[in-house]
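Asks: Below you will find the structure I want to go over with you.
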């Protein structure tokens, strides 16, 4: 007898009962196993069990807020896929969540179709990342282990999130040309709606990567901007 494939597990941390219940129903309908928490403390406890394929995390929560939960998760698990739920008009929430290591964000109010696409895209990239076991080299000084989300520069060990490693791996695979922001959004984030805000998503991740891989982030020599064309990884 062939066993059924395991359903992806999603943890919803959302204090608004109507949104939480709606999300549970929608995600179960789309074939996910779902667990939920209504406050930050409970959400953190559940998130740190490591048994969820993705965490859908609201920013404003009673108890511990979503930023602190994201930060605590990243202290122990750099691979855990996280999507933040943010207020539509709050660019600061978006930037802060991405800086803390969230893979993506969805602005409230959101469409069900948009949310499901984002979840599927993040899960798909996480699976691809697990399968990739490539050792990337930048010059003679930096060796990047994509499987273990780490790099070595002399005696220094540098840690990456899964999203950061996805970007590096994609740019490395296309090193012969500059890669437009829109292509990164399509290939790595799943779609490119709300482009003005989404472009900032890419820029924030690129800035974080430069701080990690560049000897002088203000004058990058590995991860360079090609004006009018996108980003290129110089290998």
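The values are calculated or read from the model by the stated rules, or taken from the named source; none is laboratory data. No experiment lies behind these values; they were computed from the predicted model shown. Using ideal geometry, Cβ is built from the backbone for each residue, glycine included, and neighbour counts are taken over all protein chains shown.
Asks: Might you check whether a residue that is surrounded by fewer than 16 Cβ atoms within 10 Å (Cβ to Cβ) and assigned to a helix (DSSP H, G or I) occurs anywhere in segment 46-67?
Replies: Looking for residues that are surrounded by fewer than 16 Cβ atoms within 10 Å (Cβ to Cβ) and assigned to a helix (DSSP H, G or I), one finds none in segment 46-67, hence no.
Asks: State the number of residues belonging to segment 43-69 that are more than 20 Å from the chain's Cα centre (by Cα) and more than 10 Å from residue 15 (Cβ to Cβ).
Replies: Number of matching residues: 2.
Asks: Would you please name the residue that is nearest to the chain's Cα centre (by Cα), looking only at residues in segment 109-143 that are buried (at least 18 other Cβ atoms within 10 Å of the Cβ), modelled with pLDDT of 75 or more and closer than 26 Å to residue 214 by Cα?
Replies: Looking at the filtered set, the residue picked out is 136.
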